[in-house]
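What follows draws every value from the coordinates through simple rules; no lab data is involved. Quantities reported herein were computed from a predicted structural model and do not represent experimental measurements. Cβ sites come from the backbone with ideal geometry, for glycine too, and all protein chains shown count toward neighbours.
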2 protein chains.
Amino acid sequence: MAVHNDTRQQILEIAEELLQKRGFNAFSYQDIANELGIRKASLHYHYASKADLGLALAERHANRALGFLQGIDEMHLSPWQQLDEFFKPFVDLAKTCQLMCPGGIMAAEFETLPKPMQNRMCEYFTIIHTWLTRVLTQGRASGQLYFGAEPAIKAYAIIATLEGAILIAKTRQNADFIDPIVQDIKVSLGG
Amino acid sequence: MAVHNDTRQQILEIAEELLQKRGFNAFSYQDIANELGIRKASLHYHYASKADLGLALAERHANRALGFLQGIDEMHLSPWQQLDEFFKPFVDLAKTCQLMCPGGIMAAEFETLPKPMQNRMCEYFTIIHTWLTRVLTQGRASGQLYFGAEPAIKAYAIIATLEGAILIAKTRQNADFIDPIVQDIKVSLGG
DNA sequence: GTAGGGTAATCTACCAATTGGTAGTTGAGG
DNA sequence: CCTCAACTACCAATTGGTAGATTACCCTAC
């Protein structure tokens with residue numbers, strides 16, 4: 001059981017890296033097998049089909065996001081600090097100039113993904129959008145943030161900007177623009 | 001020659017639609033052949049390899065963008081009107097809740113694309129970023145736009161927001177958020 | 001203490017389907 | 001007659017997936 005979970009975990013780890021680097025349609029069980037030093041057929045013992053693996057990837061991503069955001073909540077930070085924590089992982093991804101956000105790449109490949117994987121990953125966006133909307137709403141109510149648009153819209157705008165920035169970073173030699181972009185987002189919130 | 005170009009054109013048309021719907025790695029020569037009512041092997045007469053087809057797709061997209069932006073220039077519009085024209089195609093794509101921007105999907109799949117295709121499509125982003133930077137710079141200089149960040153940064157932020165919004169629209173039932181997001185962008189430019 | 005059974009996890013050896021791509025043929029038009 | 005543009009008929013490689021053997025280990029019963 002320990003070994004089982006360990007291997008399952010490693011598979012997921014490798015698969016996620018491949019997902020972020022190449023997308024779900026552009027990596028194969030063989031790729032994972034090679035990297036893990038195991039036979040391709042053995043992978044089917046842990047994840048019967050690629051659709052199952054995909055679902056696990058979407059699940060992991062959504063759950064990790066949920067945990068991450070709850071972690072921020074438990075820190076009892078100011079809205080500005082909460083936002084900074086929220087931005088961090090996106091900024092880090094952009095700076096790799098190589099890796100996509102799992103949610104972003106899954107969205108891009110949406111139509112080609114197995115249904116359960118689609119559903120679970122839509123929840124990812126719902127999760128982060130709900131959280132961000134709440135932070136913006138509370139931040140404005142407490143007078144610490146200042147902005148005109150509806151919080152739900154502003155939240156979409158911010159998420160779009162971050163996901164889009166990661167996308168664009170892949171086509172540039174560097175991601176020097178990411179910090180100023182985040183700065184600009186803050187300005188738009190009255191920062 | 002006329003027929004040749006016509007078929008070539010049709011192939012490109014179909015391929016672009018498939019590209020936007022499923023991504024470069026998730027459609028095959030067979031898919032195009034089916035839709036065009038032609039044998040798969042015949043496609044190789046027009047585009048020797050899928051890499052060639054991909055390059056043509058990237059080329060077409062970059063050239064179309066260039067023409068589109070030059071068209072805007074020739075209209076001699078105000079900065080605000082120029083921006084509205086610029087936003088249009090992105091907004092339309094977002095509202096399909098299904099189609100990606102060719103540039104966006106190519107960026108997402110970047111690492112898996114043939115080198116020449118990568119290069120040509122990077123130019124797409126350079127083209128629109130250069131244009132947008134210029135419009136922002138001139139608009140601010142003429143006092144019609146007002147914003148704090150550097151124009152080049154603001155341009156990246158806007159493009160990222162639009163590309164990201166298209167991405168996110170695919171995961172939502174509707175894209176009602178897109179118009180308000182564009183509105184918010186305008187507000188951030190002093191609108 | 002050891003023989004035996006069960007289970008978890010891997011392996012080898014396949015499979016059909018699909019992929020991008022090639023060789024060589026055919027038919028229609030100028 | 002020649003060339004364009006299509007065709008048929010392949011090909012090797014890769015894909016996700018299956019069947020069944022093998023290994024290793026733990027738990028029990030004698």
Shape call for the range A:75-115 from the C-alpha gyration tensor, a ≥ b ≥ c root eigenvalues: rounded (a/c under 1.5), prolate (a/b greater than b/c) or oblate?
oblate
Just to be sure I understand the model, the point goes 7 Å from the Cα along the line to the Cβ. What's the resulting B:SER49 to B:THR130 distance in nm?
2.8 nm
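Restricting to DSSP loop positions (anything but H, G, I, E, B) with no more than 14 other Cβ atoms inside 10 Å of their own Cβ, which chymotrypsin sites (Phe, Trp or Tyr not before Pro) remain in the range B:57-94? Don't skip to the answer; put the middle values down first.
On the way: sites: B:PHE68, B:TRP80, B:PHE86, B:PHE87, B:PHE90; in loops: none.
Passing both the DSSP loop test and the Cβ count: no residue.
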Projected label distance in nm at B:GLN70 and B:SER142, using a 7 Å step from Cα toward the beta-carbon:
2.1 nm
Give me the Kirkwood hydrodynamic radius of the protein assembly as shown in Å, from all C-alpha pairs, to one decimal place?
21.9 Å
Give, rounded to the nearest 20 debye, the magnitude of the charge dipole that the range B:110-191 has about its Cα centre when Lys and Arg contribute +1 at Cβ and Asp and Glu contribute -1 at Cβ.
160 debye
Rounded to the nearest 500, what is the 222 nm mean residue ellipticity of the protein assembly as shown from helices alone, with -39500 (n - 2.57) per DSSP H run of 4+ residues and division by all residues?
-25000 deg cm²/dmol
Find the relative contact order for chain B and round it to a whole percent, using C-alpha pairs within less than 8 Å whose residues are 6+ positions apart.
25 percent
Distances in nm between the label point of B:ASN34 (7 Å along Cα→Cβ) and its equivalents in the other copies, shortest first, are 2.8
Could you work out how much longer the chain between A:GLU35 and A:ASP92 gets when fully extended? Use 0.36 nm per residue separation minus the Cα distance between them, nm to one decimal.
18.1 nm
Can you list the lysines whose alpha carbon is less than 20 Å from that of A:LYS186, not counting same-chain residues fewer than 8 positions off?
A:LYS88, A:LYS95, A:LYS154, B:LYS154, B:LYS186
Only loop residues by DSSP count here, and only those with at most 11 other Cβ atoms within 10 Å; note down the chymotrypsin sites (Phe, Trp or Tyr not before Pro) in the range B:111-191 that meet that.
B:TYR146
Full-extension gain between B:THR7 and B:GLN183, please, as 0.36 nm times their residue separation minus the C-alpha to C-alpha distance.
59.3 nm
Expressed as a whole number of Å, what is the distance separating the alpha-carbon centroids of the range A:1-76 and the range A:107-134?
17 Å
With the label 7 angstrom out along Cα to Cβ, how close does A:VAL187 come to the same site in each of the other copies, in nm, nearest first?
1.6
Other-copy label distances relative to B:GLN138, 7 angstrom Cα-Cβ extension, nm
4.7
Can you tell me what the convex hull of the Cα atoms of the range B:82-191 projects to on average, as an area in nm²?
7.0 nm²
